[in-house]
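Report on one structure; see the data block that follows.
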Amino acid sequence: MIILETIELVISIVSIVVVVYGAIVAFIAFLRTEIRRISGKYNIQMLRLIRADLGTYLLLGLELLISADILKTILEPGLHELLVLGGIVLLRTILSYFLNREIQEIEKDRHEHPELFLNI
């Protein structure tokens, strides 16, 4: 039991690290984009790529959080834990749907208008 609780805690911490890391990477990319805006080399496609990258980190963090919550539900089966798990799975499903749609649109734009993505 203590081993599973420790694993659950480690996975939860890793999921937080992944989300925070993704947010930092996205923030740095955003700052670079804003510097390009000031210098006149702005490309709106860059913001779309930043959003897609951040969404990917969020999904990975949510996947890890789901696995941690599954362990927690095994250790402490109860209605509250099941509701939390269900909420996280629902949130992850919604995010995944919209992120996949965004990525497909970016790829379509890349194929149709490669010139927009040359300086990114």
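Here are the numbers for this structure:
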item: Residue in segment 54-66 that is farther than 14 Å from ILE16 by Cα, assigned to a helix (DSSP H, G or I) and over 13 Å from the mean Cα position of the chain (by Cα) present; result: no
item: Qualifying residue in segment 37-46 (condition: of a type in the set (Val, Ile, Thr), more than 30 Å from MET1 (Cα to Cα) and out of contact with any Gly (no Cβ under 9 Å at 6 or more places or on another chain)); result: yes
item: Where a residue in segment 1-13 is within 12 Å of ILE66 (Cα to Cα) and touching a residue at least 60 places away in the same chain (Cβ under 8 Å) and its partner, wherever it lies, is assigned to a helix (DSSP H, G or I) and not aliphatic (A, V, I, L, M), with Cβ under 7 Å and at least six apart; result: GLU8/LYS72; ILE11/SER67
item: Options ILE74, ILE70, ILE94; residue that is modelled with pLDDT of 85 or more, of a type in the set (Val, Ile, Thr), in a helix (DSSP H, G or I) and under 24 Å from GLU5 (Cα atoms); result: ILE70
item: Unmet criterion (only one of (1) within 19 Å of the chain's Cα centre (by Cα); (2) loosely packed, with under 15 Cβ neighbours inside 10 Å; (3) of a type in the set (Asp, Glu)) for GLU112; result: (1)
item: Residues that are modelled with pLDDT of 85 or more and either touching an Asp or Glu at 6+ places or on another chain (Cβ under 6 Å) or surrounded by 15 or more Cβ atoms within 10 Å (Cβ to Cβ) (or both), drawn from segment 36-45; result: ARG36
item: Test for LEU64: is it modelled with pLDDT of 85 or more, crowded, with 17+ Cβ neighbours inside 10 Å and in contact with a Ser or Thr (Cβ under 9 Å, 6 or more places away or on another chain); result: yes
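The values are calculated or read from the model by the stated rules, or taken from the named source; none is laboratory data. Please read all numbers here as calculations on a predicted model, not as lab measurements. Positions of Cβ are generated from backbone atoms using ideal geometry, with glycine treated the same way; all protein chains shown enter the neighbour counts.
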